[in-house]
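Structure, as structure tokens:
The values are calculated or read from the model by the stated rules, or taken from the named source; none is laboratory data. This structure is a prediction, so every number in the text was calculated from the model and none was measured. Note that each Cβ is placed from the backbone with ideal geometry, even for glycine, and that neighbours are counted across all protein chains shown.
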Amino acid sequence: MDDKLYKILKKVYCKKRYVKDENGYNQPVNTGDKFDFDTKTTNYSLSILNDKENEYLLSSGYPVNEVTGYTHDECIHAYKKLLEHPNLTIDNLIAAYICGFSSFPRGRQAILSFLFARAVPEHDFVEVPGYDHCYFCCVHKQEWVQKGYEIFRKYWGYSWTEGWGKYLVELQEFAKLSPCVPTEEDIRIFRELISLIRAAQKGETPGKLEERVKKSKIIPGYEKYRFRGQLMTLAELGVMPNDYLKPLYDGFTSFKERCEIKTPFKGSERSDVMPPLEYWRGDNPINEERLNVLFGRYLK
């Protein structure tokens, strides 16, 4: 995706639109997540674009309003098939993660999607009354994904560890990209982040760590939710360890098992930090052995 296409898509997916209410005041119109279950389509309007932008978008072939669907079983099988792709090596994915700090935000999600694909066992949908997702892996029985929007969010720099059924399309797209090489700036930012994590005080929570990172200003264009994915990756790799939930790098933990985990942390009902990052504390901030195995060449 080039810069011109990215800017056009940001207008389509992110720019707020306004309409006048009955009193003549402008009111924002929600432009996201307009999925029609009857026609299996979205309707992101392109009317906000000028003629040249519309022409460029059309010529790019980008799937702005394309919805793709697959069952749970198809999703798991496709993930496993992707593991055979030559671009999806742990070295390439680690490099993309490092690039995600500055030069290539798109690199952030792929390693998380890969870790899930590698860790989750082949299995059939596990049905439990009252749930529309698999009770083993949390992928829905039928997934519908707004393909263009989901891929765009990854170029925007978002990464997360929920909604694994949606991330199949991003990993398929990422596998087609040429491997990226971290810049000196990417590596510098990563090293400074590791130093900040090492300096955590006993009992420090992920939220407090995020506050320190924000104040340090080492992350360009810091935004909490886009940055948090970078910490989630370190937790799922086992670089930021915890005593309660094994990271995806070490294997899979079912949804049922995750629900049964007991920790001494009270936590806040408003907290949206996901485990295993949620269970990290400053008492044991870095697994140095794992850090060196995975990132040693970037620390020298």
For this session: Kindly establish whether GLY238 is crowded, with 19+ Cβ neighbours inside 10 Å and either modelled with pLDDT under 95 or in a helix (DSSP H, G or I) (or both).
Result: no
Problem set entry | Conditions (1) surrounded by 21 or more Cβ atoms within 10 Å (Cβ to Cβ); (2) more than 19 Å from TYR249 (Cβ to Cβ); (3) touching a residue at least 60 places away in the same chain (Cβ under 8 Å); (4) not polar (S, T, N, Q): number failed by LYS154 | (3)
Seminar exercise, completed: When restricted to TYR249, TYR298, the only residue modelled with pLDDT of 95 or more, in contact with a Pro (Cβ under 9 Å, 6 or more places away or on another chain), assigned to a helix (DSSP H, G or I) and closer than 30 Å to THR183 by Cα is TYR298
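Yes or no, residue by residue, for (1) at negative phi; (2) out of contact with any Leu (no Cβ under 8 Å at 6 or more places or on another chain); (3) free of Cβ contacts under 8 Å to residues at least 24 places away in the same chain:
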| site | (1), (2), (3) |
| --- | --- |
| PHE104 | yes, yes, no |
| ILE111 | yes, no, no |
| LEU115 | yes, no, no |
| ALA119 | yes, no, no |
| ASP132 | yes, yes, yes |
| HIS140 | yes, yes, no |
For this session: Answer yes if at least one residue in region 253-273 is surrounded by 13 or more Cβ atoms within 10 Å (Cβ to Cβ), closer than 26 Å to SER195 by Cα and not polar (S, T, N, Q), and no otherwise.
Result: yes
Exercise. Given the residues LEU88, LEU82, LEU49, LEU112, which is the only one that is in the same structural domain as ASP2 (by TED's automatic domain parsing) and of a type in the set (A, V, I, L, M, F, W, C)?
Worked result: LEU49
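Anything in region 108-160 that is in a helix (DSSP H, G or I) and among the small types (Gly, Ala, Ser)? List them, or say none.
Let us first name the residues in region 108-160 that are in a helix (DSSP H, G or I), namely 108-119, 147-155.
Selection gives ALA110, SER113, ALA117, ALA119, GLY148.
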Exercise. Can you spot a residue in region 224-236 that is under 19 Å from the mean Cα position of the chain (by Cα) and without any contact (Cβ under 8 Å) to a residue 12 or more places away in the chain?
Worked result: no
Seminar exercise, completed: Among (1) surrounded by fewer than 18 Cβ atoms within 10 Å (Cβ to Cβ); (2) within 24 Å of LYS10 (Cα to Cα); (3) without any contact (Cβ under 8 Å) to a residue 24 or more places away in the chain, LYS217 falls short only on (2)
Exercise. Do we have VAL64 as of a type in the set (A, V, I, L, M), in a loop (DSSP other than H, G, I, E, B), surrounded by 12 or more Cβ atoms within 10 Å (Cβ to Cβ) and at pLDDT below 95 here?
Worked result: yes
